[in-house]
Every structure is written in structure tokens, then in C-alpha cells.
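Notes follow the structure.
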Amino acid sequence: MATGLRKGLTSYGDPGFSLFLRKAFIKAKGYSDDALDRPIIGVTDTYSDFNPCHGNVPALIEAVKRGVMLAGGLPMEFPTISIHESFSAPTSMYLRNLMSLDTEEMIRAQPMDSVVLIGGCDKTLPAQVMAAASADLPAIVLPTGPMVVGHHRGEVLGACTDCRRLWAQHRAGALSESEIETVSGRLAPSVGTCMVMGTASTMACVVEALGLSLPGASTIPATHAERIRCAEATGRRAVALAKSGPRPSELVTPAALRNALTVLQAIGGSTNGIVHLAAIAGRLGIRLDLDAFDALSREVPVLIDLKPSGDHYMEHFHHAGGLPRLMREIADLLDLDARSVIGTLHDHVARAEEVPGQTVIRSRDYPVNPQGAMCVLRGNLAPQGAIIKQSAASPKLMTHEGRAVVFDSIEDMTARMDDPALDVHADDVLVLRNAGPKGAPGMPEAGYLPIPKKLAQAGIKDMVRISDARMSGTAFGTIVLHVTPEAAVGGPLALVATGDRIRLDVGARSLELMVEDAELARRRRAWTPPAPHAGSERGYARLFRETVLQADEGCDFDFMRKTTR
Ligand code: FES
């Protein structure tokens, strides 16, 4: 099999000429024949002025390249698109599959023997791992790492759990315009990813649990020298992978996915993690079993005391021993024979450090939550499932029956939620629909419906909220998400009317719309699908509308999943 510069020659009808031409062009950058004969290690460059979470990427690339060269390889960095949560309209999820397509095809098109994937902000690591799984070239992930914490008036702050908490205080009138402005300069005090257990931290941990990154790579703060050393070691390792693998398809197996789901529960991870894992699994022809994931929620406790489920931040998790230490704590629940970029997960756990007196990684007999972070609900309102992050929900609302107050779209919610005339009470159930993969489009993080202003001002902090949208991993509340199928494709959520009764019973894993079947059938006959969004008659918007899958299949494009296994 061709390696290095000889891989994937451009087609001119004469392979010898193709190689000659390739060498002639690359020598324009001053490479020697000796350099060009080395194993080539691709290094993705996801630096962007629009992506402060990747602000340390230039330094990481420099260190990766040093590691590659120390191990005798030739590093070649190449750009791919970059996605930041707050700079992606309509939503970063809408662009995840585009980044994945870009990354996969660039890995495939350019000659490289292995690839270092540098990402971090929420959708970037999922997009890169989906791409690597499809390209199936030996790959190793280097997260950009979490930000360090911020401080305000003696309080420790973190993006973005505290962004939401303090914004809610501002909405309720408890925080002035000038103070919220001051806070905005302190919530994200350094480059790197959000430092709570949001989606970025979750995915970095999940990727490490899948064996795709070095031990500890998920938690080292973005600004620490240790992250630079991790980058150098990642580059070195990538050279070894180029010679003998393993490939992503040998790492992301059903056993490895179960390990990742177990870790997802134990870290109090983001609900987005389940969507991304479903997409990654789908790239290898594996269907993620939501019922098995729910069963784990009864077996695996939350052990990481991080916001939003707990009190601390990623740098504290790191100083407490990071993911290897957590995996040691739950070793009996994991398949440590699963392979990794350094051998097996046994090798990761063997590196776990015992930190005397640390309180961030709890022991099994003193969990943050005796059950896992999230569970799967089913019922006539969510035949293909819905997710609730029980570790971030209000215990008193875990069993609740209330009157539905329905918003037909995000625009409708924005227009009416704070209307003083809105007929809404603290016991009601807020319902948002047409905010799913096709409906919004891109399944935005709108599932964290704000508490109506008049109720927030009266001191109401949580209500049962239900939607076909997603929620930021940094959010908290009794929030039912990913209702599948979504309303826009005719899921039962489309049939709910304001005034209906809805019953949530998290213990029984049920979500029921308490309306007679005959009445639901009548409403279904009267239902018409929403009109396609403006602009979706062509281009990427059309591709997205026509091919995006539901949440239980990871919101990937239908043609990107591997069909056999
Ligand atoms: Fe990039 Fe939170 S906005 S990780």
C-alpha cells in the first residue's frame, strides 16, 4: 500500500507524472527529499478569529509538529472550517455535518499516514471524530482544553453555566445593566473551551474514554504548559499510529461506545453527548441503543462534582486526577480491554494519579448523584425517545403533571414568553415545538426555555419544559429534550394544544400527553407540515432539510451513515 507522499495521487492518467508534479510543487516550500520520504502526519488547523475556544491552536500545532519531527515524521498542517457556538447562525449543530464532510474529504484527499485532530468547541470534536471514523485513517485527538475559571465579587465564575444563571438574575431585575456588562468580561477569562461540564468538556472526556486521545488530554487547562507537552506527545504518538495503527474503526467498537456512555453518565455530561455519540457510532454502522443507555443511568452514579450538576470546574477535575482517575473509580463498569491510541484502557487507568484530599472525583459510596446524569423517557409524546438530564433537574419536579402552554416555534416563544398577559402559572408545562433537526433547522439549543419574566420576578426558578430542541450542556433545570420524532415531521409534539395535560414521571421513564387517542387522531388528520424554510430550496440548506436524521440517529445526514455491520 502506498504511504507518505505516494498516497492518493492526483489523477493525471500517469502516476509517475503525478508524483513528479506533487514533489515539484511541494519543494517550492523548501522540503528536502529526506523530509518528503518520512511518514506524513496531517494536523488539522481549526484556528479562527471567530473561535476563541481555539485561540491556543497555533501553539498546539507548533508543539504537535515538534513531537512529530522528534519521532521522525513529517507534519503537514491543513485548514478545515471551524465552528464556534456563538458565531454560528442559525446554530452550530446545523454546521457540524458540514465540518465533518470537510474534514473527512481533506483527510482522504491529501497524502497523510495518520492525522492529529485539534478541536474543542462543542461541535468540532464530534465533527472531527465522525470524519475520522468515515475516513478510517489512524487518528489521534488533541482537545484545545478548558479555560481557567473567572472571578467576580469573590465568586468563582464559569462559562457558561454562570452565564445563564447571571442572565436569569438580570432578567429577574436582580442584576443591573452595568453589572451584567462587567460580568461579561469575566465569564470567559482565557482562551479554551467552556470550563464547566458542558458539551465541549463532555466530548473531550468521551473521546478520551473512546481511546482516541492521550490519558489526561481532556482536562488539562488550555493555557497550561502541560497542554503544550500533551500536544508534543500527541505528535509523537501520531507517528507511531502512522506505522501500525489502530484505525478509528478498531477503536470505536460497541464495547468502546458502551465505555463512552458509561463515562457520559458518570461525569454528569451534556445531553448533546448522546446525539454526537449516535452520529459517531452511525459512521461505523453501529446503532446506539438508547435503552441500554437508560439502563446505565440506573447503574452508574454521577461522580464528578462539576457544574452544572455540582460545584467545581474542569481545572479542578484535572488537578484531582482527571479522566484516568475517574475511570479507575468505575473500572468494574468499563471494558478496560478496549483498545486506545496507546494500547488499551488498562494503560490509561494505570496512569491514574491519587490526589490526597481531593473532593472533585467522588468515591462510589459518596456520589454526587446515585444515578447517572441523564435518562431516556418514552411515552405517547416521545415514541422514539426523549432525554432528560436528571442530575441537573429539580427533584420536586421529577414527577409532575401540569397544563401545557405551547409555543409553535422559537419566534413564537420569543414574542410571547415575557408578555405580561401570557396565561401561565408555575405548575404549567412549557412546550416548544418545531425546534428540532428539520424544524428550526439545526436543532438549536433552545430547549432551555426561559422562565416567563413575570414568574421569574416572582421567584420561580424552574418549571417542566419540553421540546424537540437541544440544550446547552451548561444549562440546568427540569428540561425534557430531543423529543423524537420532532414536530416538523409530524411527531406527537405537533399535536399538543395549550390546556392539554402532560405527565412527566422520570422514575417510570415516561412522558405522556393525557389526551384520548381518538382526539389525537382527529388532530393528526388536521395537521399540515410547516412550509420549508426560506432559502432551503438550494445549496447546503436543501441538503440539510432533505437528509438530516432525527436525534436518535445523531442528526447526521442519512447518506453519511455506514449501512453495513
Ligand atoms: Fe466554545 Fe463553550 S463556546 S466550548
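The values are calculated or read from the model by the stated rules, or taken from the named source; none is laboratory data. Note that the structure is a prediction, hence the values are computed from the model and not measured. Every residue, glycine among them, receives a Cβ derived from its backbone with ideal geometry; neighbour counts consider all protein chains shown. What goes into the accessible areas is simple: the full protein's heavy atoms, side chains included, and nothing from ligands, DNA or RNA. Shrake-Rupley method; radii C 1.70, N 1.55, O 1.52, S 1.80 Å.
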Expressed in whole Å with the largest first, what are the equivalent ellipsoid semi-axes of region 32-160 derived from the C-alpha gyration tensor as the square root of 5 times each eigenvalue? 29, 19, 10
Charge dipole (debye, nearest 20) of region 195-293; +1 at Cβ of Lys and Arg, -1 at Cβ of Asp and Glu: 320
Give the cysteines in the chain for which no other Cys Cβ lies under 4.7 Å away, or write none if there are none. Cys194, Cys205, Cys230, Cys375, Cys555
For Lys453 and Arg351, what does the FRET efficiency come to when R0 = 51 Å and r is the distance between their Cβ atoms, rounded to the nearest 0.05? 0.55
Name the residue from Gly535, Ile274, Gly13 whose Cα lies farthest towards the positive end of the charge dipole of the chain, charges +1 on Cβ of Lys and Arg and -1 on Cβ of Asp and Glu. Gly13
Estimated Rh, region 307-440: Kirkwood, alpha-carbon pairs, angstrom: 18.9
Taking a crude spin-label model, label points 7 Å out from Cα along the C-beta direction, the Glu181 to Lys243 distance in nm is 6.0
Using a 1.4 Å probe, what is the accessible area per residue for the chain, in Å²? 38
Whole Å is fine, so just give me how far the alpha carbon centre of region 327-365 lies from that of region 235-303. 15
dims of region 489-558, Cα set, principal axes, largest to smallest, nearest Å -> 41, 31, 17
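Would you mind getting me the FRET efficiency between Thr547 and Trp527? Use the beta-carbon distance for r and R0 = 25 Å, nearest 0.05. Walk me through the numbers on the way to the answer.
Values: r = 23 Å, r/R0 = 0.92.
Taking R0 as 25 Å, the efficiency between Thr547 and Trp527 is 0.60.
Using a Förster radius of 41 Å, what is the FRET efficiency between Met1 and Ala534 based on their Cβ-Cβ separation? Nearest 0.05, please. Write out the running numbers ahead of the final one.
Numbers: r = 48 Å, r/R0 = 1.18.
For R0 = 41 Å, the calculated efficiency reads 0.25.
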Run the Debye formula on the Cα coordinates of region 406-477, all scatterers equal and no solvent, and tell me log10 I(q)/I(0) at q = 0.15, 0.23, 0.27 1/Å. -0.46, -1.03, -1.30
Dipole axis of region 63-136 (+1 Lys, Arg; -1 Asp, Glu on Cβ), positive-most option in Thr124, Val64, Met112: Val64
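Might you report the magnitude of the Cβ-based charge dipole of the chain about its Cα centre, with Lys and Arg at +1 and Asp and Glu at -1, to the nearest 20 debye?
Rounded to the nearest 20 debye, it is 820 debye.
How do 456-464, 144-152, 89-97 rank on mean C-beta neighbours within 10 Å, highest first?
Numbers: 456-464: 16.6, 144-152: 23.4, 89-97: 21.7.
For the peptides 456-464, 144-152, 89-97, the packing ranking is 144-152, 89-97, 456-464.
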Accessible surface of Leu432 - all protein chains present, 1.4 Å probe, nearest 10 Å²: 0
Computed for region 65-181: size of charge dipole around the Cα centre, +1 on C-beta of each Lys and Arg, -1 on C-beta of each Asp and Glu, debye to nearest 20, value 140
Where the accessible area of the chain is counted over protein heavy atoms with a 1.4 Å probe, how much of it, in %, is carbon and sulfur? 54
Percent antiparallel among DSSP beta bridges confined to the chain, nearest 5, equals 45
So for each of 405-416, 315-326 I average, over its residues, the number of other beta carbons within 10 Å; can you give me the resulting order with the highest mean first? 315-326, 405-416
Determine the principal axes of the Cα atoms in region 214-330, then give the extent along each, sorted from largest to smallest and rounded to whole angstroms. 40, 38, 23
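Jot down the per residue volume, in cubic angstrom and as a whole number, of the convex hull over the alpha-carbon atoms of the chain.
Details: hull volume 89.9 nm³, N = 565.
Hull volume over Cα atoms, normalised by residue count, gives 159 Å³.
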Distance in nm between pseudo-label sites at Leu520 and Thr359 (7 Å out along the Cβ direction from Cα): 4.7
Let me know the Rg and Dmax you get for region 261-343 when you use only its Cα atoms, in Å. 13.6, 38
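Would you mind putting 498-507, 383-392 in packing order, based on average other-beta-carbon counts within 10 Å, highest first? Provide the component values of the computation, followed by the final result.
Values: 498-507: 16.9, 383-392: 23.6.
Packing proxy ranking, top to bottom: 383-392, 498-507.
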Angle check, please: helix 124-135 long axis (alpha carbons) against the longest principal axis of the chain (alpha carbons), in degrees 0 to 90, nearest 10. 60
Could you tell me the relative contact order of the chain? Use alpha-carbon pairs under 8 Å, at least six residues apart, and round to a whole percent. 14
Cα→Cβ-extended label distance, 7 Å offset, between Ala89 and Ser510, nm: 4.5
Cα gyration tensor category, rounded, prolate or oblate, for region 146-276 with a/c compared to 1.5: oblate
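May I ask you to compute the full-extension gain from Asp412 to Asp462, defined as 0.36 nm times their residue separation minus their alpha-carbon distance, rounded to one decimal in nm?
Numbers: separation 50, 0.36 × 50 = 18.00 nm, distance 2.05 nm.
Result for the pair: 15.9 nm of gain on full extension.
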From the Cα trace of region 362-414, what convex hull volume per residue do you get, rounded to a whole Å³? 141
